[in-house]
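The values are calculated or read from the model by the stated rules, or taken from the named source; none is laboratory data. Note that the coordinates shown come from a computational prediction; the quantities given were computed from them, not determined experimentally. For neighbour counting, all protein chains shown are included, and Cβ atoms are generated from backbone atoms with ideal geometry for every residue, glycine included.
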Amino acid sequence: MAELAIKIPSITAKFYPDYAVPQIKDKINSVIEAKYGKLIDNISRITGLNRDIILSFIFIESAGKENAETPYAVGILQVSKATASDALIKEKGRDRLSGEEAEMVKKYLGERYSIIEKVKPKQTTIGKTFITREDLLKVEFNLLVGSIILKQLIDEFTENGVARLDKVAVLYNTGRFSKVGKDVIAHKGTTDELIAKIPVGQGDYVKKLLGVNGLLDLII
């Protein structure tokens, strides 16, 4: 992860036991890479997001199930309709929506793409949700939007040239406006200190990504 200037594993804590490692690697290779590897490569190229990050979040969020769904999020990267809508508006408002990203979004949204075309410079929201559940069940679109969200978070929470993937993981999981999200944004200490102050579920998410036997440790 040289381009993100982080050490892997970043912490000595472990979520996945050693005996689970072969099954995790098999799932990554035989399911996620086999089915979605080319899509991941293309989305990584288009968005500029490291493919290992995309692959890691796919495993943690859905284990490669493209129809995964909770009351709050949908699809292979478990994206919510509201967060997807705001992310695309923010990307356009910051003049970061590349030509290839725009073409892919337009392919899936059709006439609704006019909503994005009307976005003004520095605009971050339009106050309504225009992305649907059906949109997010389409793997390529879900990967694109989820990767845009992750890239936005990484860019925002890079401190002194180092990506705070611990903060990115928690904020992707909980949202930035939750109490946990606000605490994470304000946190000035280490990853271990962050894990100690947040709920167990979010702490485990960080361990799954950055710990010993974590996804990045196994993939890289």
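Tabulated data
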read-out: Residue in segment 100-123 that is over 30 Å from ASN213 (Cβ atoms), polar (S, T, N, Q) and in a loop (DSSP other than H, G, I, E, B) present; value: yes
read-out: Which listed residue, of ALA82, ALA68, is closer than 28 Å to TYR108 by Cα, surrounded by fewer than 19 Cβ atoms within 10 Å (Cβ to Cβ), of a type outside the set (Ser, Thr, Tyr) and without any contact (Cβ under 8 Å) to a residue 40 or more places away in the chain; value: ALA68
read-out: Pick from segment 81-116, criterion over 24 Å from GLU156 (Cα atoms) and acidic (Asp, Glu), ranking: nearest to the chain's Cα centre (by Cα); value: GLU103
read-out: Test: ASP52 is closer than 13 Å to LEU218 by Cβ, more than 19 Å from the chain's Cα centre (by Cα) and in a helix (DSSP H, G or I); value: no
read-out: Answer residue from segment 159-180, given it is free of Cβ contacts under 8 Å to residues at least 40 places away in the same chain and not in a helix (DSSP H, G or I) and is surrounded by the fewest Cβ atoms within 10 Å (Cβ to Cβ) among those; value: ASN160
read-out: Matching residues, segment 115-137, being in contact with a Phe, Trp or Tyr (Cβ under 7 Å, 6 or more places away or on another chain) and either touching a residue at least 40 places away in the same chain (Cβ under 8 Å) or crowded, with 21+ Cβ neighbours inside 10 Å (or both); value: ASP135
read-out: The listed residue being more than 30 Å from SER10 (Cα to Cα) and either at pLDDT 95 or above or not in a helix (DSSP H, G or I) (or both), out of ILE185, ILE126, ILE154, ILE149; value: ILE126
read-out: Every pair of residues 6+ apart whose Cβ atoms lie under 9 Å, when the first sits in segment 15-44 and is at negative phi and among the acidic types (Asp, Glu) while the second is in a helix (DSSP H, G or I) and at pLDDT 95 or above; value: GLU33/ILE40; GLU33/LEU55; ASP41/ARG51
read-out: Residue selected from segment 51-93 under the condition out of contact with any Ser or Thr (no Cβ under 8 Å at 6 or more places or on another chain) and charged (D, E, K, R), by the criterion farthest from LEU215 (Cα to Cα); value: LYS92
